[in-house]
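Q: Take a look at this one; I'll ask things after.
Read the figures in this text as sums done on the coordinates, not as results from a lab. Just so you know, these numbers come straight off a predicted model, no measurement behind them. Cβ placement follows ideal geometry from the backbone for every residue including glycine, while neighbour counts extend to all protein chains displayed.
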Amino acid sequence: MDNRRAHQPPRAPAALPYSHSSPTLTSRTAPSPINGSSLSNESRTAPLAAPAERCTTCRKGVSGNEMQKGGDGHVFCRTCYAERFLPDCRRCRRKIEGGAVTSSDGKVAGKYHPKCFTCWECSASFAGSEFYVFDQRPYCQQHWHALNGSLCANPKCGSPIEGPCVSLVGEENGDHPEHFVCSTCSEPLPEHHFVVNGLPYCERHAQGPPPTARPRKAGQQEPAAARARKRQTIITRR
Ligand SMILES: [Zn+2]
Ligand SMILES: [Zn+2]
Ligand SMILES: [Zn+2]
Ligand SMILES: [Zn+2]
Ligand SMILES: [Zn+2]
C-alpha cells in the first residue's frame, strides 16, 4: 500500500504534459500535408496559366500590385477594388486613390482629389484654407459673390461687397456705399438719390435736359424728371 501511494504522485504529473502536448503536435502537423499538396497543385497547374488569386468581382487573375484586398479579406483587381471601395471625386467624377479632401465642417458635400478642390467656377486654387461655399460647392470669393448677387453693381468696380451696401429699391444687386454714385456725374449719393430707368442719379441729373431742349412729339416718353422719384439712400450690410 505504501509503495503504491509513493508511486502514484509521480505518475499523475507525467501524464498531464503528455496529454497536452499530444493535440498540439497534431494541430501543428496537420496543415503541413495540406500546404504541401496545394503547392504541388499550383506547380502542376501553373503551365495552364492559372493565377494564384482571382478578383472576386471580375474573376480576372491578380497578383502583385494588381491585387487589392477588401476589409473582409476578399481579393480584387485594382479596377474592381476602386469601383467598389474608393470614393468618387465630386468634381471630376473619377475615383480617388490617394488622400481625399473634404471640408471639416461638412458644408461642402462629397470628396475631392486635392487638385480638384478648387473654385467650382474658375478652378482657381484657394490661398491658404479659405474658400466660400455655395450650394455645397467650393468657390473663390469673386464667384461666390457673383452667385450670391453681392458683387458691386457699379460697372467701374464689380468687386465683392462684404459689409456696407446700398441697393436700389427692388434691385437685388447693390453697390459699395462709396460706389453708389450719380450715373452722370459720379457724385456720391449718401443721403438721397433719384432713380431713372433703373439707375441712380443726383437731383440735378435726374432732371435730364430741360424740356424745351427736346422737341415733344406724339407718343414721346415723358421727361426723365417726371418719372424720377426721390429716394432715401439706405445702407444695409452684406
Ligand atoms: Zn476585377
Ligand atoms: Zn477629381
Ligand atoms: Zn472662381
Ligand atoms: Zn464697388
Ligand atoms: Zn449727377
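Q: Per 5 Å bin from zero, what fraction in whole % of the C-alpha pairs of region 87-148 is there, up to the bin with the longest pair?
A: Calculated over all Cα pairs of region 87-148, the distribution is 4, 20, 31, 25, 15, 3, 1 percent.
Q: Can you sort ILE234, ILE96 from fewest to most other Cβ atoms within 10 Å of each residue's own Cβ? Display every interim value, and only then the final one.
A: Details: ILE234 9, ILE96 19.
Ordered by Cβ neighbours within 10 Å, fewest first: ILE234, ILE96.
Q: Please list the non-local residues whose amide H lies under 5 Å from the amide H of ALA153, H modeled 1.01 Å from N, same-chain partners needing a gap of 5 or more.
A: GLY174, ASP175, HIS176
Q: Using Cβ contacts closer than 10 Å as the measure, can you line up LEU147, LEU189 from fewest to most? Write out the running numbers ahead of the final one.
A: Details: LEU147 15, LEU189 20.
Ascending Cβ contact count within 10 Å gives the list LEU147, LEU189.
Q: For a quick check: sort ASP135, ASP72 by the number of other beta carbons within 10 angstrom, fewest at the front. It would help to have the intermediate numbers written out before the result.
A: Working: ASP135 9, ASP72 6.
If I rank by nearby Cβ atoms, fewest first, I get ASP72, ASP135.
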